[in-house]
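Let me give you the structure first, and then I'll get to my questions.
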Amino acid sequence: MSEVTTDLSGELVLQGVGVSPGVAIGEVVVFAQEGAAVSERVISERDVPLEIARFEEALIKTRHQISELQHKVSAELGKKHASIFDAHLLVVDDRYFVEEVIRGLRDKQRNVEVVLNDVAGRYIEMLNRVEDDYLRERAADVRDVTAASVKTSPANGWTAWISWNVPVSPLRMTFSRPTPPA
Amino acid sequence: MAEEKVILREIEVLNKYGIHARPAALLVKTAGKFACDIFIGKKGEEVSAKSIMGLLAIEGYQGAKLSVRVVGIDAEQALAEISGLFEKKFFEE
């Protein structure tokens, strides 16, 4: 979403792609939080298991968050609507994706946020090459589970954002703070 | 040791929206019930039907012809269920 104008009353006009028909009036909640881009850290071979542990911890937390959200949506809107989160849960359970990140940690010896961004970036690239216009336009469903960007949240440790282009909360993958060098 | 069964089949994507998140999730959940390996391929590239990220990247739009390769002891049952999902258009229409 991009800012268009700010008028004299201080009202901000934003332009973006509509995800639901109609007009809604209410308090605006901005999901995309600002943060500095994550910095790349070289890790030693000895620290690889620690980074893997941080990744696994983040996956467990994320799984828990999605499950909670799914239960909430199921209770409020019904099981059918909540089933969209099945896909999101399957991303954190995707053995191939997870193993690719772990392999990347071993090969590149960089912090997990950077490796995760690289792996997700490759999937995004693949999706961008899709020839069929219609499927490409299904980005709402496709990119939500792949478009990952990593940002830092100084108060809460590192946070990887997996952006959702669907009208739900973004998937936030929070990593514990890295262990300071001994 | 019993010989590993390998079955190959071509399947067409029939549903209007192709393999987007919901059908991909259905495929992964179905594939996960079986011990065999299930690979979905297009243009010589294969991904595991147990990986949602792989399935989303396979360009499975409507009309796409995908190869399905199933390897393992319960290959026949797995293929029947996977083909069924495609034939039933992933219960979308």
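Inspect all residues belonging to the stretch B:57-68 and state whether any of them is touching a residue at least 40 places away in the same chain (Cβ under 8 Å), touching a Leu at 6+ places or on another chain (Cβ under 6 Å) and farther than 21 Å from A:Arg122 by Cβ.
Within the stretch B:57-68, not a single residue is touching a residue at least 40 places away in the same chain (Cβ under 8 Å), touching a Leu at 6+ places or on another chain (Cβ under 6 Å) and farther than 21 Å from A:Arg122 by Cβ.
Can you tell me which residue within the stretch B:43-59, out of those that are in a loop (DSSP other than H, G, I, E, B) and crowded, with 18+ Cβ neighbours inside 10 Å, is farthest from the other protein chains (Cβ to nearest Cβ)?
This residue is B:Ala49.
Is it the case that the stretch B:49-57 has a residue that's more than 13 Å from A:Asp94 (Cα to Cα), at pLDDT 90 or above and in contact with a strand residue (DSSP E or B) (Cβ under 9 Å, 6 or more places away or on another chain)?
Filtering the stretch B:49-57 for residues more than 13 Å from A:Asp94 (Cα to Cα) gives B:57.
If we keep only those that are at pLDDT 90 or above as well, we get none.
The answer is no; no qualifying residue exists.
Moving to a separate point now. Just for the stretch A:128-142: of the residues that are hydrophobic (A, V, I, L, M, F, W, C) and crowded, with 20+ Cβ neighbours inside 10 Å, which one is modelled with the lowest pLDDT?
A:Val142
From B:Ala35, B:Ala75, B:Ala21, which residue is within 22 Å of A:Leu89 (Cα to Cα) and more than 14 Å from chain A (Cβ to nearest Cβ)?
On the way: B:Ala75 fails: within 22 Å of A:Leu89 (Cα to Cα); B:Ala21 fails: more than 14 Å from chain A (Cβ to nearest Cβ).
Criteria check complete, one pass: B:Ala35.
Considering the stretch B:1-18 alone, what residues qualify as being in contact with a strand residue (DSSP E or B) (Cβ under 9 Å, 6 or more places away or on another chain), modelled with pLDDT of 85 or more and either more than 14 Å from B:Lys42 (Cα to Cα) or not in a loop (DSSP other than H, G, I, E, B) (or both)? Please lay out each step first, then the result.
Taking the stretch B:1-18 first, the residues in contact with a strand residue (DSSP E or B) (Cβ under 9 Å, 6 or more places away or on another chain) are B:4-13.
Those left that are additionally modelled with pLDDT of 85 or more: B:5-13.
B:Lys5, B:Val6, B:Ile7, B:Leu8, B:Arg9, B:Glu10, B:Ile11, B:Glu12, listed by residue number.
Does A:Val112 satisfy the criteria of being more than 12 Å from every other protein chain (Cβ to nearest Cβ), under 20 Å from A:Ile60 (Cβ atoms), in contact with a helix residue (DSSP H, G or I) (Cβ under 7 Å, 6 or more places away or on another chain) and modelled with pLDDT under 90?
Working: more than 12 Å from every other protein chain (Cβ to nearest Cβ): yes; under 20 Å from A:Ile60 (Cβ atoms): yes; in contact with a helix residue (DSSP H, G or I) (Cβ under 7 Å, 6 or more places away or on another chain): yes; modelled with pLDDT under 90: yes.
Criteria met by A:Val112.
Moving on to the next point. Name the single residue, out of those in the stretch B:7-18 being more than 12 Å from chain A (Cβ to nearest Cβ) and in contact (Cβ under 8 Å) with a residue 60 or more places away in the chain, that is farthest from B:Leu55 (Cα to Cα). Walk me through it before giving the result.
Filtering the stretch B:7-18 for residues more than 12 Å from chain A (Cβ to nearest Cβ) gives B:7-12, B:14.
Add one more test, that the residue is in contact (Cβ under 8 Å) with a residue 60 or more places away in the chain, and what stays is B:7-9, B:11-12, B:14.
On the way: B:Ile7: 19, B:Leu8: 18, B:Arg9: 17, B:Ile11: 14, B:Glu12: 14, B:Leu14: 16 Å.
Among those residues, the one meeting the criterion is B:Ile7.
Still on this structure: Can you find a residue in the stretch B:62-76 that is crowded, with 16+ Cβ neighbours inside 10 Å and among the basic types (Lys, Arg)?
For the stretch B:62-76, residues crowded, with 16+ Cβ neighbours inside 10 Å and among the basic types (Lys, Arg): present.
Another one. What number of residues within the stretch A:50-80 are within 24 Å of A:Tyr96 (Cβ to Cβ) and touching a His at 6+ places or on another chain (Cβ under 6 Å)?
So the answer is 1.
The values are calculated or read from the model by the stated rules, or taken from the named source; none is laboratory data. These numbers were taken from a predicted model, which means no experiment stands behind them. Reconstructed Cβ throughout: ideal geometry from the backbone, glycine too, with neighbour counts over all protein chains shown.
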